[in-house]
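Chemist: Take this structure, written in structure tokens, and hold onto it; I'll ask about it next.
Values quoted throughout were computed directly from the atomic coordinates according to the rules given, and no laboratory measurement underlies them. Worth saying up front: this structure is predicted, and the values here are computed from it rather than measured. In this analysis, Cβ positions are derived from the backbone assuming ideal geometry, glycine residues included, and neighbour counts consider all displayed protein chains.
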Amino acid sequence: MRRFIPLLCLPVLIPAAGLAAPVAEVPPPNLPPEAVVVAALDNHPTVAAAGQRVTAARAAATALARGSHEVLVTGTIQARDVTNERRYAEFDTQVLRPIRLPGKAALDREAGVLGVDVAHNRMEDSRHQAALLLSQLWFDWLTAGELHRVDLANAAVLDEALAAVTRRQQLRDAAALDVDQARAARDQAQGTAAMSAADMAQARALLAANFPDLPLPDQPPALGDVPTPANDLPALRDLVIARSHEIGAADREAARLGTLARRAERDRIADPSVGFRAFSERGGMERGGGLVLQIPLGGGYRKALAEEAGAQASAGLLDLANVRREVEAMADGDLANARGRRAAWEGIAASARSTMQAAARTARGQQLGAIDLADALLARRQAHEAARLEVAARSEAIRAVVKLEIDSHVIWADEDTDEHPQ
């Protein structure tokens, strides 16, 4: 007489979103509130440090606008003792101030403004990198929680199955081998659940340590379904390039280096210093004053500095081309990844549905005495593995779409960073 465990007929717990057929519109993934995320990103050390560099760049721009041409005062006071005469008090003083030649001050101001633009774009890029880190850690936690829930459900079913077969063995309706098989399956399921609980705790600890300002519940929210963005994927790909702060920083840096190259070329003609000199000798019997003019004569040194600045400007343009190429490659990769991960998830979800149906049919066959308990337990293990694989594939698909939205600054971006001149 074949024995059966009715509890094995329970379906494997795969989220309904993973089993439903793809639809045109799906809800977005479970993300923290936008305002909470923005505050956590603004308080991240790398973003705060980049903000201080913006402040430093503004101070540097002010210094460039004012110039380093400061008034220089020199003077001497001395006593002169003349033989057969007397002792005389004398002094000599000179006031000098370098003067920037026409055009140099404007270039200095332009370089300062561009330096602030560079620092601001780099700060926003630091914020963007922090957002990518938060997204990664957030979905690590949600994925671990989803896997743990799947493991707990599987362990609960197998625990009830062990209780059922134990009762049948006590009634001499099941062999000791059946009890051993059911207990082994239950213990393995509990071990898997314990491992996923450890993964979930570790993921939460990493998230909390990196973003302590982000309030977290004790248990992770549901992973949710793969989102359908408000913008279509190719449009998001274009926004990744149009709103890239990496390109913005490289563009402003190339412009700044070009300005510095023009400034160095003008500096081959040195700035003159103009001032006034006054003196008194022989106790005031000889007095005088006049204008002073100093003009450094530039040579090979200033020429070499101008050539260096020109080469740096050319390198800046090449760096800009390389950064633009890298960002375009990243945008294309984001688009391909979002499409591919969703297609992969849909295929794996379909496989999980089929595996669950096979497990249900196997359980019914075992209930009717046509299939052994070992075969039913094998079908359940395969269904559980398929459920975990579906969660992992769904997580990767969600991450791909969310990364595209973060890279395009559709989510988790400051209000003033939607568009940036390139």
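Chemist: Quick one: plug the Kirkwood hydrodynamic radius of segment 315-370 (C-alpha pairs) into Stokes-Einstein at 4 °C, 1.567 mPa s, and report D in µm²/s. Can you show the working numbers first?
Modeler: Numbers: Rh = 15.1 Å.
Answer from the Stokes-Einstein relation: 86 µm²/s.
Chemist: Okay, moving on. Averaged over all directions, how much area does the convex hull of the C-alpha atoms of segment 33-185 cover when projected, in nm²?
Modeler: On the way: hull surface 88.6 nm².
Convex hull of Cα atoms, orientation-averaged projection: 22.2 nm².
Chemist: Would you mind checking the tilt of helix 233-242 against the longest principal axis of the Cα atoms of the chain, expressed as 0 to 90 degrees and rounded to 10?
Modeler: Roughly 20 degrees, rounded to the nearest 10.
Chemist: Name the shape class, rounded, prolate or oblate, that the alpha-carbon gyration tensor gives for segment 211-352, where a ≥ b ≥ c are the square roots of its eigenvalues, rounded holds for a/c under 1.5, and otherwise prolate holds if a/b is larger than b/c and oblate otherwise. It would help to have the intermediate numbers written out before the result.
Modeler: Details: a/c = 6.20, a/b = 2.90, b/c = 2.14.
Verdict is prolate for segment 211-352.
Chemist: Would you kindly calculate the translational diffusion coefficient of segment 144-275, applying Stokes-Einstein with the Kirkwood radius from alpha carbon pairs, for 20 °C and a viscosity of 1.002 mPa s, and quote it in µm² s⁻¹ without decimals? Spell out each step's value before the answer.
Modeler: Values: Rh = 21.8 Å.
Answer from the Stokes-Einstein relation: 98 µm²/s.
Chemist: Return, for the Cα atoms of the chain, the radius of gyration and Dmax in Å, separated by a comma.
Modeler: 37.3, 144
Chemist: Relative to the longest principal axis of the chain, what angle (0 to 90°, nearest 10) does the C-alpha long axis of helix 300-367 take?
Modeler: Between helix and principal axis, roughly 10 degrees.
Chemist: Can you bin segment 96-179 into rounded, prolate or oblate? Criterion: square roots of the alpha carbon gyration tensor eigenvalues sorted a ≥ b ≥ c, rounded for a/c under 1.5, prolate for a/b above b/c, oblate for the rest. Don't jump to the answer; show the numbers that get you there.
Modeler: Working: a/c = 12.76, a/b = 10.43, b/c = 1.22.
In terms of gyration-tensor shape, prolate.
Chemist: OK, next. So how far apart, in nm, are the two label points at ALA358 and ASN43 if each is 7 Å from Cα heading toward Cβ?
Modeler: 5.0 nm
Chemist: Helix 176-210 versus the longest principal axis of the chain: what angle, 0 to 90°, nearest 10, using Cα atoms?
Modeler: Around 20 degrees separate the two axes.
Chemist: Can you pull the three principal axis extents for the Cα set of segment 269-401, in Å, largest first?
Modeler: Principal-axis extents of segment 269-401 (Cα, largest first): 132, 34, 20 Å.
Chemist: Right, next: Return the distance in nm (one decimal) between the two label points of a simple spin-label model at ARG325 and ALA175, each offset 7 Å from Cα along Cα→Cβ.
Modeler: That separation, rounded to one decimal, is 6.9 nm.
Chemist: Then there's this: Quick one: grab Rg to one decimal and Dmax as a whole number for segment 127-166, Cα atoms only, in Å.
Modeler: Cα only, segment 127-166: 17.4, 58 Å (Rg, Dmax).
Chemist: Then there is this: Given the Cα-Cα distance of ALA205 and VAL73 and 0.36 nm per residue of separation, how much length would full extension add, in nm?
Modeler: 41.3 nm
Chemist: Mind pulling the per residue volume of the convex hull built on the Cα atoms of segment 135-193? Å³ is fine. Kindly include the intermediate steps, with their values, before the conclusion.
Modeler: Values: hull volume 2.8 nm³, N = 59.
In segment 135-193, the Cα convex hull volume per residue is 47 Å³.
Chemist: At 25 °C and 0.890 mPa s, what whole-number value in µm²/s does Stokes-Einstein give for the translational diffusion of segment 246-327, with Rh from the Kirkwood sum over Cα pairs?
Modeler: Numbers: Rh = 16.0 Å.
My calculation gives 153 µm²/s for D.
Chemist: Please get the size of the charge dipole for the chain, origin at its Cα centre, with Cβ charges of +1 on Lys and Arg and -1 on Asp and Glu, quoted in debye to the nearest 20. Before the final figure, lay out each step's value.
Modeler: Values: 48 positive and 56 negative charges, 100 e Å.
In debye, rounded to 20, the chain gives about 480.
Chemist: Something else about it: Considering all alpha-carbon pairs of segment 288-354, what whole percent are spaced by more than 13 angstrom? Don't skip to the end; give the middle numbers.
Modeler: Details: 1751 of 2211 pairs.
Tail fraction, whole percent: 79.
Chemist: Under a crude label model (7 Å from the Cα following the beta-carbon direction), how far is LEU305 from MET195 in nanometres?
Modeler: Result: 6.5 nm between the two label points.
Chemist: Want the number for ASP81 to LEU318: 0.36 nm per residue separation, take away the alpha-carbon distance, what's left? Write out the running numbers ahead of the final one.
Modeler: Numbers: separation 237, 0.36 × 237 = 85.32 nm, distance 6.85 nm.
Gain on extension, ASP81 to LEU318, equals 78.5 nm.
Chemist: Just to be sure I understand: if I project the alpha-carbon convex hull of segment 218-294 onto a plane and average over all orientations, what area do I get in nm²?
Modeler: Details: hull surface 62.5 nm².
Mean projected area of the Cα convex hull: 15.6 nm².
Chemist: Moving to a separate point now. Pick out, from HIS44, MET200, PHE276, the residue whose Cα sits farthest towards the positive end of the charge dipole of the chain, with +1 on the Cβ of Lys and Arg and -1 on the Cβ of Asp and Glu.
Modeler: Checked the options; the winner is PHE276.
Chemist: May I pose another question? Once fully extended, how much extra length lies between ALA370 and PHE279, figured as 0.36 nm per residue of separation less the alpha-carbon to alpha-carbon distance?
Modeler: Working: separation 91, 0.36 × 91 = 32.76 nm, distance 12.08 nm.
Residue separation times 0.36 nm, minus the Cα-Cα distance, leaves 20.7 nm.
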